[in-house]
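Have a look at the structure below, then the notes.
Coordinate-derived values only; no laboratory data. Quick caveat: nothing in here was measured; it's all calculated off a predicted structure. We place every Cβ from the backbone using ideal geometry, glycine too, and count neighbours over all the protein chains shown.
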């Protein structure tokens, strides 16, 4: 967090209030604080050149929390483990199950995938050996 910017902006806001004698209403206060917050925490620099008029309400890449959510990680694990292809359980039905059952199924699917990968490697090795024997 850029504490200098934060302190400077808060001081500027206090100065404007002191000079004008007007206290900002809720909307103005919210906009000022959001501007300071987003700038101080590096979400978006509202003090740079060529600002978009809706920058304060626009979604910024640093605000994207989806890849860090547990639901995103669970869905990614389901897809990467190829749970549907292995079990035939659709994603919505899979995640309706109790957590312990989900973890058990994921563990079984991962074991199955490792065995399939190992079998595929053995088949490929045998095919290479057979190919080399023909030469």
Note on the stretch 1-17: residues assigned to a helix (DSSP H, G or I) and in contact (Cβ under 8 Å) with a residue 12 or more places away in the chain are 3, 5, 6, 9, 10, 13
Scanning the stretch 40-80 residue by residue, the ones that are surrounded by 13 or more Cβ atoms within 10 Å (Cβ to Cβ) and within 24 Å of residue 107 (Cβ to Cβ) total 4
